[in-house]
Amino acid sequence: MTEVNVTLNVNGRSHALQVEPRRTLLDAIRDECGLTGTHMGCEHGVCGACTVLLDGDPVRSCLIFAVQTDGGAIRTVEGLAKGDELHPLQRAFMAHHGVQCGFCTPGFLMLATGIIEREPDIADADLLDALSSNLCRCTGYQGIVAAVRAALVEIREERGR
């Protein structure tokens, strides 16, 4: 199959790649860009482990082709922290025990980041509905929900709300 030139802008860094048109964004991020924080789960868009932000919107990177994201702004879990300073969501996940095995964590962090950045005043019921789109096998979700709620409070306070 003929390869196509694409430029993936991941976490503020450009990656000029040649990929087969059928190559998923997930595979390109992990294999071509060397960013393995985004996890491969079900490969059917069901579990959310592969969630990244594309132009600020959460997307399942296993369901989108790399060529579809040419020139778009992609953020992965590696792009959350600023140097040694963790993102409020990362700190909250640690403080509220939102992590057990950690496999689903990158997807939840990126989903929650997209939600918070798009709608910082999201109602609790809407937050729960949005978070329910990702799956976790071992936390029971309560730590994850508590972490996102705590991060929302911190982010709102930083913005002076």
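The values are calculated or read from the model by the stated rules, or taken from the named source; none is laboratory data. Predicted model only: the values in this text are computed from it and were never measured. Cβ sites come from the backbone with ideal geometry, for glycine too, and all protein chains shown count toward neighbours. Protein only, heavy atoms only, side chains kept; ligands, DNA and RNA dropped before computing areas. Shrake-Rupley method; radii C 1.70, N 1.55, O 1.52, S 1.80 Å.
Here are some notes:
- Net length available on complete extension from D70 to N9 is 21.2 nm, with 0.36 nm assigned per residue and the Cα-Cα distance removed.
- Share of carbon and sulfur in the accessible area of the chain stands at 49%, probe radius 1.4 Å.
- D by Stokes-Einstein for the range 22-100, Kirkwood Rh over Cα pairs, 4 °C, 1.567 mPa s: 97 µm²/s.
- Rounded to the nearest 0.05, the FRET efficiency derived from the C-beta distance between E154 and E43 at R0 = 45 Å is 0.85.
- At 1.567 mPa s and 4 °C, Stokes diffusion of the range 66-161 via Kirkwood alpha-carbon radius, µm² per second: 93 µm²/s
- Cα centre as origin, Lys/Arg/Asp/Glu Cβ charges: the range 20-161 dipole, Debye: 260 debye
- Calculated accessible area for the chain comes out at 51 Å² per residue, all protein chains present (probe 1.4 Å; ligands, DNA, RNA ignored).
- Charged side chains reduced to their Cβ positions (Lys and Arg at +1, Asp and Glu at -1) give the range 7-94 a dipole of some 120 debye around its Cα centre.
- On Cα atoms only, tilt of 142-158 relative to the major axis of the chain in degrees: 90 degrees
- Note on the chain: Cα convex hull, mean projected area over all directions, 9.3 nm².
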